[in-house]
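Following: one structure in structure tokens, then a few remarks.
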Amino acid sequence: MSEKNGFHGEVGQAVIGDVNEGARLSNVVNLHLNESKKEVQRITEYQRRRIKVLVREWSAICGDEEIEIYKIFIEDFGIRYFRELPIEHYMTVKKTLEEWIAAGSDKASAKSSSAPTSHSALPVHERTVCAACAEKDLSFSRLQRTIFSQWLLILILALSCAWLLYQMPAPGDAATAEQYCLFDGKPYSVGSAIRGAGGMLRECMSDGTGTAMTWGQPK
């Protein structure tokens, strides 16, 4: 039967050797050491804002929601919230996002450069269409001015003709005014006879055209 001895004193004294031993029941010494749990340092506020900017930029490129991008890192690092990300993983997340953004930007640039030239030709087409529209509007304006000038000329001519017609005597009045002969300022009707100079007899008769009267020798 093995001898079991015990000791009295602190654990440190036992390690150094300065301890009073007595009879003990077992040679197994249980040491209970209170080890302090090491606190994990989280990412700083500035680092969170920097990651947020990169996440927003990548979200605009890929079209995913920002929360879905955060979930990828939350699941990869086994944390409940992204703010609990250990600071040692900050550069990993940052570089990953920067690589995604660079790859997405290069892909978008290549797609835009390989796109049909119709996109680049579209502004030229639009300018051509606009130039054609402007020319059409200008032609329409010129046509309107020409039509207005023609109508104005027609109106002036119509007014001039109306004025001339108004000034002309009526055919009945002209015929009536010419159905007599004048002698010494006195009118004589057709068929009237007078004696002129030298006692010669004169008769008011038609001049042969039927539009005027004159003094002539009686038949």
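The values are calculated or read from the model by the stated rules, or taken from the named source; none is laboratory data. In this text the structure is predicted, and so the values were computed from the model without any measurement. Glycine gets a Cβ as well: all are built from the backbone with ideal geometry, and neighbour counts include every protein chain shown.
Residue-wise test of (1) modelled with pLDDT of 80 or more; (2) touching an Asp or Glu at 6+ places or on another chain (Cβ under 8 Å); (3) of a type in the set (Lys, Arg).
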| residue | (1), (2), (3) |
| --- | --- |
| 5 | no, yes, no |
| 10 | no, no, no |
| 26 | no, no, no |
| 30 | no, no, no |
| 35 | no, no, no |
| 46 | yes, no, no |
| 87 | yes, no, no |
| 90 | yes, no, no |
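So residue 158 fits all but one of (1) at pLDDT below 85; (2) in a helix (DSSP H, G or I); (3) over 30 Å from residue 214 (Cα atoms); what number is the exception?
(1)
Sort out which residues of region 75-87 are free of Cβ contacts under 8 Å to residues at least 24 places away in the same chain and part of a helix (DSSP H, G or I), and write them in order of number.
75, 76, 77
Filtering region 75-102 down to residues that are touching a helix residue (DSSP H, G or I) at 6+ places or on another chain (Cβ under 6 Å) and of a type in the set (Val, Ile, Thr), which residue is surrounded by the most Cβ atoms within 10 Å (Cβ to Cβ)?
My answer is 93.
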